[in-house]
Amino acid sequence: MKLFVDTADLNDIETIAGWGVLSGVTTNPTLLNRVDGDPDAIYRRVCELVDGPISAEVVADARGDMVTEGRRLAAIHPNIVVKLPMGAEGLAATSVLASKDVRVNMTLVFTAPQALLAASSGAAFVSPFVGRFDDIGESGIDQLRQVVEVMASPVFDTEVITASVRGPVHVLEAARIGADIATIPPKVFYQMLQHPLTARGIEQFTADAEARTARTTG
Ligand code: E4P
């Protein structure tokens, strides 16, 4: 499974990109609202930091305006993927943009039937939201499993981006289910990185290496 980072924070993107683990980035209007600066300049900088699909979300709500805004975003950089919301307008705009070889990531997808519609409209990526189900006491992973199952059809070459990730368990379950990608908040990346047994092991190895050096150099 490929790992994307789910943020517009350039510092977090640069830090995690430095680990050599990132294959892409997703943003959305909420994430963009948390950072200052010109959105286009942010997208261009992200494209410099990570060589992979960079999702930039359209805010227009009518198909014609979505197409216009999507084409403008796609023109920023070849790696820009246009994010459109699930719905009749989003599907119609996706089919137009896909016909012009503009890649679309269809977002705010919650069920397998919605994912089927997204893939059928020509979306290159579909983003089923897992965490927002869990937020209301339902199982987002169960819905993700159904999305991955239907997307496995040879009819589609749409990649599944596990979105709305709330912790390392979501990442693990998405990988086990066979999702193509998980887009992961920085906080969860840091949770994935750390474990007390790792820290304790590094401490012990360092102490033993220092003890040997002291013993052998007198
Ligand atoms: C990613 O593309 C989504 O916009 C994001 O993962 C949504 O996460 P949230 O449900 O925490 O807002």
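The values are calculated or read from the model by the stated rules, or taken from the named source; none is laboratory data. Nothing here was measured: the structure is a model prediction, and the numbers come from that model. Don't worry about glycine lacking a Cβ; one is built from the backbone with ideal geometry, like all the others, and counts go over all protein chains shown. What goes into the accessible areas is simple: the full protein's heavy atoms, side chains included, and nothing from ligands, DNA or RNA. Shrake-Rupley method; radii C 1.70, N 1.55, O 1.52, S 1.80 Å.
Here the Karplus curve 6.51 cos²θ - 1.76 cosθ + 1.60, taken at θ = phi - 60°, turns the phi angles of the range 165-177 into couplings of 7, 9, x, x, 5, 4, 5, 4, 5, 4, 5, 5, 6 Hz, with x standing for Gly and Pro. Here the Kirkwood formula puts the hydrodynamic radius of the chain at 18.4 Å, using every distinct Cα pair. Computed with a 1.4 Å probe over protein heavy atoms only, the accessible surface of the chain comes to 50 Å² per residue.
Determine the share of the chain's accessible area contributed by carbon and sulfur atoms, expressed in whole percent, with a 1.4 angstrom probe. Using a 1.4 Å probe with all protein chains present, the chain comes out at 53 percent carbon and sulfur.
Summing Lys and Arg as +1 and Asp and Glu as -1 over all other residues whose Cβ lies under 15 Å from the Cβ of Ile202 gives a net charge of -2. For the chain, the Cβ-based charge dipole about the Cα centre amounts to some 300 debye (Lys, Arg positive; Asp, Glu negative; other atoms uncharged). Of all DSSP bridge pairs formed entirely within the range 2-217, close to 0 percent run antiparallel. Sorting 12-25, 186-199, 50-63 by their mean Cβ neighbour count within 10 Å, with the most densely packed peptide first, gives 50-63, 12-25, 186-199. For the chain, the mean residue ellipticity at 222 nm estimated from helices alone is -15500 deg cm²/dmol, where every DSSP H run of n ≥ 4 contributes -39500 (n - 2.57) and the total is divided by all residues, rounded to the nearest 500. Residues whose amide H comes within less than 5 Å of that of Asp6, counting only those at least five positions distant or on another chain, are Thr26, Ile184 (H built at 1.01 Å from N in the peptide plane). 3J(HN,Hα) along the range 144-152: 4, 4, 5, 5, 4, 4, 6, 6, 6 Hz, from the Karplus curve 6.51 cos²θ - 1.76 cosθ + 1.60 with θ = phi - 60°, whole Hz, x for Gly and Pro.
Remark: relative contact order (the chain) = 17 percent; criterion is Cα-Cα distance under 8 angstrom and separation of 6 or more residues.
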